[in-house]
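Reviewing the structure listed below.
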Amino acid sequence: MRTLLVGLILALSMQVTVAQNTPAPAEEVLNAAIAKAAKENKSVLAIFHASWCGWCHKMTASLSDPAIKSYFDKNYVIADFTVYESKGKENLENPGAADLLKKYNNADQGLPTWLVFDSKKNLIADSQIRPKGASLNTKGENAGCPAAEQEVAHFIDCLQKSSTLNTAQLTEIAAVFRKNEIKR
């Protein structure tokens, strides 16, 4: 009887531990970010990444660079999503993150992928570089972590559409991201 009780307690504590370590569902994360953005008069920068992705780490490091971090803090709620993890690490993924990418026409774009939403959950920009004037439904090429000149120009254009960043601030952001090309 005692062994059964100890086994039951162990099983329950393992369930609680697993439940606590499961990332929040992607839709929940996005909705929380949208609510916060609405309250703070900001946009949402949703970033999809994986633990194995070197460019994802560069994106995070660039956004956290002390020279530009405050610009993002003042203009965006950043929502991170883990997706496309390697075999054995699928437990790190936000449930439904791949579905969100599919919903917003970014499922096959590689990582990192980013989406920009307004505070009403309208998609206003994403990491796909498209021909001028093309809609967000048109397939483009993923800028990922912007580094090359065209990628950084696309990122800056998206930031201009979704923030109050001025020309000097955008120039500083571009300089930080351009450093990534040198490090290739």
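Rule-based calculations on the coordinates, nothing more; no lab input. None of these values were measured; they are calculated from a predicted model. Quick reminder, even Gly has a Cβ in these numbers, built from the backbone with ideal geometry, and neighbours come from all protein chains shown.
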Report summary line: What the 5 Å binned alpha carbon P(r) of the chain shows, as percent of pairs per bin from 0, is 1, 8, 15, 19, 19, 15, 8, 4, 3, 3, 2, 2, 1, 0, 0
Report task. Kindly express, to the nearest 10 degrees and within the range 0 to 90, the angle between helix 54-63's C-alpha long axis and the longest C-alpha principal axis of the chain. Result -> 70 degrees
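Quick one: net charge of Ser51's neighbours, Cβ under 15 Å, K/R +1, D/E -1?
After counting each charged neighbour, the total is -1.
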Report summary line: For region 25-182, whose charge dipole is built from +1 on Lys and Arg Cβ atoms and -1 on Asp and Glu Cβ atoms, the candidate among Ala148, Asn180, Thr164 with its Cα farthest towards the positive end is Thr164
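If you place +1 on the Cβ of every Lys and Arg and -1 on the Cβ of every Asp and Glu, how big does the dipole about the Cα centre of the chain come out, in debye to the nearest 20?
Approximately 100 debye in magnitude.
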Query raised in the report: Where Lys and Arg each count +1 and Asp and Glu each count -1, what net charge lies around Ile156 among other residues with Cβ under 11 Å from its Cβ?
Result: -2
